[in-house]
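Every number in this text was worked out from the coordinates using simple rules, so none of it is lab data. Since the model is a prediction, treat every value here as computed from it, not as a measurement. Here the Cβ is made from the backbone with ideal geometry for all residues, glycine too, and neighbour counts use every protein chain on show.
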Amino acid sequence: MSRAQSRSTGRLHLAAGILTAVIAFTAAALPAQAIEIERVVSPGGIKAWLVRDTSVPLLSIEFSFRGGRTYDPVEKAGLSSLVSGLLDEGAGSLDSKSFQAELQNKSIRMSFAAGRDTFRGSLKALNKHRDKAIDLLALALTQPRFDAEPIERLRQQTLVSLKRNSTNPNYIAGRTWSKAVYGEHPYSMPSNGTEETIKAIKRADLVEFVKQRFAQNILIVGVTGNITAEELGPLLDRGFGALPKRVELTKIADVPPKSSCETYVVDLDVPQSSIIFGQAGLQRSDPDWYTGLVMNYILGGGGFGSRLYTEIREKRGLAYSVGTYLHPMRLSALIAGSAGTKNERVAESLNLVKSEWSRMQDGRVTPEELERAQSYLTGSFPLRLSSTNAIARMLVSIQYHDLGIDYIDKRASYINAVSREGIAKLAARLLDPKKLTFVVVGKPKDVKATAEAPQI
């Protein structure tokens, strides 16, 4: 190892140590058990979870509608994303400029985002402006204008982004991998559509989207701020009460990812290859979820301390980055990872991924690895609850996954209950290097494709 590499590694170890200390301090300073969650039902029947915080005069509302971009028509892929960018571009009697002025003049933050399985929204305002904020939110959800100018402006922005992504190796790898493992299922659709589908979207499609995809029966709400349950109820009705009571989403089949053990190579003239790999994973409702969380941390999700990082990046300097993650979805689940490395180092990196996958499959976890993973996963959790927005988002996530109102109190006990024996049993059941699918985008040396890459 060169001196430069040694200094770099030293800085990484130092950074990891500092982060661990910060997490330990934060865990002690912000005990998760201090968060008290209230169930609120408005006079009109809108349900929400509330964490009251009297320390600042703010209101944060996070919400989501079940059913995200997966429900976009194939020929209109990107519809959800386009809608998410247009809802605050004018509503009711306010055109785009007037609506944005109302938000800015009162320091109201409003945003929307289209996920694979949910369509999300966020609202944050000072208490003195919360009535106005909630009224603007109601307008955005029920009376968006979809005027010609903002539609075309956002359409052109999307097309420019798609053009830029057409040469982005990370984007190409992600799209190719999704297509390889999900085929023609909606999970393979591009999040922002394609040039063809974006051009095909009409104003009538946007209007119909709002009618068919926003309703009270698929709404989940989390609220944090200086507000009581009694005060929140009427606000919920003002914000969401005008939505349809019920819509029925189209039935879409569950889809296990294809486990073909193929290696797909997409030729792109770049000095560094982008790599994505993975196989079937765990649903969030799986009884072994927390065991999987700890196992993944040890394998590749633990940053500097993970096996993949240690073997591929730290010991051999093969990759600039490498890591894994659990990705539970409503209709599928993955354990997947990514790496970036010079073209001449790709083959060795792929072999090491397979090797570490196999070693974890054998269940050889040390007590030190288990203790380190449990310590991080429990100690870092309070950092995810460090703002009103973050807490409100967590409330939505807990409801979405049906984890129970006492989840925050019990989470640490679930993780600390994970054993080495449990990891060994799960790894033997779940992990299989022969089921890994690889996508490599670049000009990898000595890597042969085993199948032709799907068109994206």
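Remarks
- Exceedance of the 27 Å cut-off in Cα-Cα distance is limited, within the set Lys124/Lys179; Lys97/Lys124; Lys76/Lys179; Lys315/Lys443, to Lys124/Lys179.
- Share of Cα-Cα pairs in segment 163-225 lying beyond 19 Å, as whole percent: 56
- At R0 = 41 Å, FRET efficiency that the Cβ-Cβ distance of Lys132 and Lys245 yields, to 0.05: 0.95
- Ratio of Rg to Rh over segment 233-368 (Cα coordinates, Kirkwood Rh, two decimals): 1.14
- Prolate/oblate/rounded call for segment 269-331, Cα gyration tensor, a/c under 1.5 rounded: oblate
- Angle of helix 420-430 to the longest C-alpha principal axis of the chain, folded into 0 to 90 degrees and rounded to 10: 80°.
- Estimated FRET transfer efficiency (Ser413, Thr194; beta-carbon r; R0 51 Å; 0.05): 0.65
- Ordering Thr250, Thr324 by the number of other Cβ atoms within 10 Å of each residue's own Cβ, fewest first, gives Thr250, Thr324.
- Rounded tilt (10° steps) of 169-182 against the dominant C-alpha axis of the chain: 90
- Cα pair distances exceeding 21 angstrom across segment 32-107, given as percent: 57
- Helix 229-240 vs. the chain, principal-axis angle (Cα, 0 to 90°, nearest 10): 90
- Over the chain, the reciprocal of the mean inverse Cα-Cα separation, the Kirkwood hydrodynamic radius, stands at 24.0 Å.
- Cα Rg, Dmax, segment 212-271, angstrom units: 22.3, 61
- Label point at Gln157 placed 7 Å out along Cα→Cβ; residues across segment 100-138 whose backbone nitrogen lies under 17 Å: 100-104, 109-115, 120-122
- Among Gly404, Thr118, Ala242 the positive-end extreme of the charge dipole of the chain (Cβ point charges): Thr118
- Rounded to the nearest 5, the antiparallel percentage of DSSP beta bridges internal to segment 35-240 is 90%.
- Positive minus negative residues near Leu139 (Lys, Arg vs Asp, Glu; Cβ under 10 Å): -2
- Over the chain: helical MRE at 222 nm, DSSP H runs n ≥ 4 each giving -39500 (n - 2.57), nearest 500: -13000 deg cm²/dmol
- Of the chymotrypsin sites (Phe, Trp or Tyr not before Pro) found in segment 83-168, no site is in coil according to DSSP while having at most 13 other Cβ atoms within 10 Å of its Cβ.
- Cβ-placed point charges (K, R +1; D, E -1), dipole of segment 35-240 about Cα centre in debye, nearest 20: 380
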